[in-house]
Amino acid sequence: MPSETLWEIAKAEVEERRSGGSEGDGVEIGEKSVFFIGSKNGGKTTIILRCLDRDEPPKPTLALEYTYGRRAKGHNIPKDIAHFWELGGGTSLLDLISIPITSDTLRTFSIVLVLDLSKPNDLWPTMENLLQATKLNVDKVIMKLGKKNSKAASEMRQKMWSNMQKDHPDRELIDPFPIPLVIIGSKYDIFQDFDSEKRKVICKTLRFVAHYYGASLMFTSKSEALLLKIRGVINQLAFGINKSKSICVDQNKPLFITAGLDSLSQIGSPPLPDNDIGKFHARSPMDLWKKVYEKLFPPKELEQYKRSSSKSWKQIELDS
């Protein structure tokens, strides 16, 4: 039985890869990191392989996996390097999120959240747990960075607003994620066969969450055309090229909304009849959208609890 835990082994591997780098001033120019998190079996590995032009079948991600890609800037110029991290297990391995997020990497770090559209009941808890855990770790690193380099930490906080125009009407109503965030809805080929009302609720909810966090939002599937669009977005994060200004908000088509191009007026209110909205006691707009969404798509754990409670009451009635 080895004495080292998975955590210790993973940390040691990260440190070994970083050996030789300078401490405190960040990564070398031309290096960026992209961290894929999201639904279990949601297609994260497939997207990474497609971005790296690797024609191989995806294997299950067991814990935290790392790979990298290179891109030439020009003749006789050193290639840019992109570090790709992928968290497996959905929300079961949140402790591993802290490993790739460090003060050395954070200034060139991006998050890609992949959500399985074919499982709408799992969508909100997966999204909420992963984003909360990631934000907590990023905030800790920014605070730590601020003690060493207050200017760098201040620049990071200002950078959060770079996707939002200064005159955007929602500027005072949103709370951008501390680092660049892209939300990808996968398995659109299954999702497109859903009832139109279900698609409407899921699309509006994801548009609100993405806009609130200053994130880009797009849907994909095994379609080559959609994968190419996703590849372009990931290449922008990884190598800083070809930033798209595309937008598609039609719920009957795959959504594609670049950060900062949506608005609360276009998204509209949470999808419930007006006379029902007042019944929800919410602490914030995000909490209201959560309550509305989970009323229509209750998390599996809650649904199982309701069923077991119902059975228990029926048993009590029979016994009495």
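The values are calculated or read from the model by the stated rules, or taken from the named source; none is laboratory data. Since we're looking at a predicted model, the values are computed, not measured. Heads up, the Cβs are rebuilt from the backbone with ideal geometry, glycines too, and the neighbour counts pull from every protein chain shown. Only protein heavy atoms, including side chains, enter the accessible area calculation; ligands, DNA and RNA are left aside. Shrake-Rupley method; radii C 1.70, N 1.55, O 1.52, S 1.80 Å.
Yes or no, residue by residue, for (1) under 27 Å from residue 68 (Cβ atoms); (2) open to solvent by 20 Å² or more (accessible area, probe 1.4 Å):
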{"residue": "197", "(1), (2)": "no, yes"}
{"residue": "203", "(1), (2)": "no, no"}
{"residue": "217", "(1), (2)": "yes, no"}
{"residue": "231", "(1), (2)": "yes, yes"}
{"residue": "240", "(1), (2)": "yes, yes"}
{"residue": "250", "(1), (2)": "no, yes"}
{"residue": "264", "(1), (2)": "no, yes"}
{"residue": "270", "(1), (2)": "no, no"}
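Only one entry of 33, 39 meets the criterion of being modelled with pLDDT of 80 or more, open to solvent by less than 20 Å² (accessible area, probe 1.4 Å) and more than 13 Å from residue 105 (Cβ to Cβ), and that entry is 39. Look at residue 189 and say whether it is within 17 Å of the chain's Cα centre (by Cα) and either free of Cβ contacts under 8 Å to residues at least 60 places away in the same chain or within 17 Å of residue 116 (Cα to Cα) (or both). No: the conditions fail for residue 189.
Every test in (1) touching a Lys or Arg at 6+ places or on another chain (Cβ under 7 Å); (2) of a type in the set (A, V, I, L, M, F, W, C); (3) under 20 Å from residue 58 (Cα atoms) is passed by residue 230 save one, and that test is (1). The conditions of being in contact with a Phe, Trp or Tyr (Cβ under 7 Å, 6 or more places away or on another chain), open to solvent by less than 60 Å² (accessible area, probe 1.4 Å), in a helix (DSSP H, G or I) and not basic (Lys, Arg) are not met by residue 85.
A count restricted to region 118-165 and to residues that are open to solvent by 20 Å² or more (accessible area, probe 1.4 Å), closer than 30 Å to residue 42 by Cα and outside any helix (DSSP H, G or I) stands at 6. Name the residues in region 89-101 that are closer than 24 Å to residue 216 by Cβ and out of contact with any strand residue (DSSP E or B) (no Cβ under 7 Å at 6 or more places or on another chain), would you? Residues satisfying the conditions are 90, 91, 94. All conditions in (1) in contact (Cβ under 8 Å) with a residue 24 or more places away in the chain; (2) surrounded by 18 or more Cβ atoms within 10 Å (Cβ to Cβ) hold for residue 169, with the sole exception of (2).
When residue 65 is tested against the conditions (1) free of Cβ contacts under 8 Å to residues at least 40 places away in the same chain; (2) surrounded by 16 or more Cβ atoms within 10 Å (Cβ to Cβ); (3) outside any strand (DSSP E or B), the lone failure is (3).
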